[in-house]
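Each remark here refers to the structure printed beneath this line.
The values are calculated or read from the model by the stated rules, or taken from the named source; none is laboratory data. Computed from a predicted model, the values in this text were never measured in an experiment. Glycine also receives a Cβ, built like all others from the backbone with ideal geometry; neighbour counts cover every protein chain displayed. With ligands, DNA and RNA removed, areas are computed over all heavy atoms of the protein, side chains included. Shrake-Rupley method; radii C 1.70, N 1.55, O 1.52, S 1.80 Å.
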Amino acid sequence: MTSTTAPALPDTPAELLRAVKDSRDRAAAEDVEMMRLAVHWADLHIADPEFAEACFTSPKTFAGEGSPSIDEFCVPEFATMLGRTNDSAGRFLTDCVEVAYRLPRLWGAVLSGLVAGWRARIIAQTTLALTLEAATHVDEQVFWCASRLTPSQLRRVVDEARVRFMPDAVQKSLDDSADKRHVTFDTEQASFDGTMHLEADLEIPDALALAEAVKRGAEHLAKLGSTDTVDGRRATALGDLARHQFTIGFDDPDEAEDNAAGGEVRPQRPVKPVTQIHLYAHLSADPITHVDHPDAPDEALCGRIEQGGQRLLSVDQIQAWCGRADVQVVVTKVIDLRERLECTGYRPTPEMREHVIVRDGTCVFPWCGRNARLCDLDHVIPYDHDHPEDGGPTATDNLAPLCRRHHRLKTRGRWRYEMTEPGVFVWTSPLGHTYLRDHTGSQPIGRAWPEPEIPSPRKGTDAPDRYDAPPKPTGSDPDDLPDPHPPDL
């Protein structure tokens with residue numbers, strides 16, 4: 001029987017530091033090897049326009065000017081093998097291709113062990129938008145000192161390359177940067193305690209005015225007896241600015257004109273709720289309306305907020321929201337996910353769409369986290385528009401949310417999947433790797449057909465350096481050909 005006992009740790013600080021260094025060196029070597037594999041994977045999938053229709057190639061230039069066009073459908077196979085999202089794996093491939101093709105001196109330093117792979121990828125991220133001439137200049141300036149280059153020094157080198165070799169682009173960037181103001185609310189992510197992230201870039205006078213208003217609001221809350229932390233009071237004060245913005249009366253044009261003319265000021269109307277929260281309840285009304293609910297199990301006291309990426313929230317947070325006059329909580333009726341819904345025709349009913357969205361939450365491609373509400377509804381077994389009785393039904397056990405990228409991948413990229421039970425999907429990649437996706441997440445589960453044998457090189461000869469796709473399994477879905485019908489909207 002194989003032992004699972006972990007190896008003994010070093011006894012002395014000196015031995016421990018040597019072990020740390022050895023572990024770091026092994027990790028660095030593995031990182032470089034992964035970059036080599038990524039570059040070779042891209043090399044094996046360089047787009048050939050002559051065979052584009054046969055392999056559904058969709059060329060995409062990952063890196064900057066001078067890098068090859070690569071079949072973008074190769075990314076999901078690579079991503080799922082790593083257990084990463086397409087965006088994450090695509091960024092990694094992009095960085096590796098950028099280093100290998102546009103920063104050859106830096107790539108040589110990486111392969112020689114003189115520069116860590118992660119440092120090279122950081123440099124590559126700064127050169128993606130440069131012309132080949134400008135990128136070459138950066139490569140010449142940094143490859144020999146990349147291991148000790150600071151971020152500010154790298155920025156100066158990149159800026160110098162842009163000014164010397166891209167003067168028109170620099171001027172356009174200055175013109176376009178006249179207004180970089182923005183306020184961004186990350187409504188797709190919410191924490192369990194009911195908070196969301198926002199960031200903003202404001203003009204200096206506006207930023208200073210907002211900072212002063214938040215500061216005074218926090219001080220006022222402290223005088224009123226608030227026991228929150230300083231940061232907590234500041235966050236509440238910022239929310240108060242939003243909640244009370246309509247009490248000024250500027251939302252009523254007639255009232256604003258009367259005030260400007262010195263006329264009689266009308267009484268202020270009661271402030272209406274300015275925040276609406278859509279909540280999918282997983283608990284009864286009693287836990288919300290009664291603070292003391294000792295008999296209910298803790299795991300039952302939760303709900304899901306629609307605007308927070310279906311994030312679970314505690315009953316305490318829901319109770320606090322329901323008690324506020326400025327917040328309107330819309331509780332959606334609980335959907336029985338065990339019920340099977342079906343309709344005639346191609347397009348599902350709104351009730352069916354809501355059922356599938358609530359059941360799956362996100363796109364059902366392995367490791368994809370895009371909100372299901374932003375996805376297409378796909379017929380797992382394709383719908384036959386000419387003979388509906390022979391195709392897949394429009395039913396909740398044959399519908400799944402796919403983001404546009406993965407819907408296209410399934411239609412034209414030779415990926416296949418089946419729903420083994422409601423909400424449980426088994427995906428098969430073009431190379432035969434299979435992945436399970438259910439409410440717990442995604443995981444690899446093996447192969448759909450045996451791994452193709454790799455012939456060993458004959459003695460005295462070199463092994464052929466080629467890439468052979470495995471044979472197509474029998475009984476494949478006729479949906480291999482491009483779907484003439486548009487995705488479900």
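Assess whether Arg404 counts as being modelled with pLDDT of 90 or more, open to solvent by 50 Å² or more (accessible area, probe 1.4 Å) and within 17 Å of Val75 (Cβ to Cβ). Spell out how you get there, then give the answer.
Details: modelled with pLDDT of 90 or more: yes; open to solvent by 50 Å² or more (accessible area, probe 1.4 Å): yes; within 17 Å of Val75 (Cβ to Cβ): yes.
The answer is yes for Arg404.
Could you figure out which of (1) open to solvent by 70 Å² or more (accessible area, probe 1.4 Å); (2) among the aliphatic types (A, V, I, L, M); (3) touching a residue at least 40 places away in the same chain (Cβ under 8 Å); (4) not in a helix (DSSP H, G or I) isn't true of Ala63?
(1)
Report yes if Leu409 is closer than 23 Å to Leu374 by Cα and touching a helix residue (DSSP H, G or I) at 6+ places or on another chain (Cβ under 7 Å), otherwise no.
Taking the combined requirement at face value, the residue satisfies it.
Based on this model, can you work out whether Tyr346 counts as modelled with pLDDT of 90 or more, farther than 23 Å from Val426 by Cβ and more than 27 Å from the chain's Cα centre (by Cα)?
yes
Need the failing condition index for Ile248 against (1) at pLDDT below 80; (2) within 30 Å of Leu128 (Cβ to Cβ); (3) out of contact with any helix residue (DSSP H, G or I) (no Cβ under 8 Å at 6 or more places or on another chain), just the number.
Single failed check for Ile248: (2).
Just to be sure I understand, how many residues within the stretch 116-163 are small (Gly, Ala, Ser) and within 19 Å of Pro68 (Cα to Cα)? If you could, list the steps in order and put the result at the bottom.
Start the filter on the stretch 116-163 by keeping residues that are small (Gly, Ala, Ser), which leaves 116-117, 120, 124, 129, 134-135, 146-147, 152, 161.
Okay, now just the ones that are also within 19 Å of Pro68 (Cα to Cα), so 124, 129, 134-135.
Looking only at that region, the number is 4.
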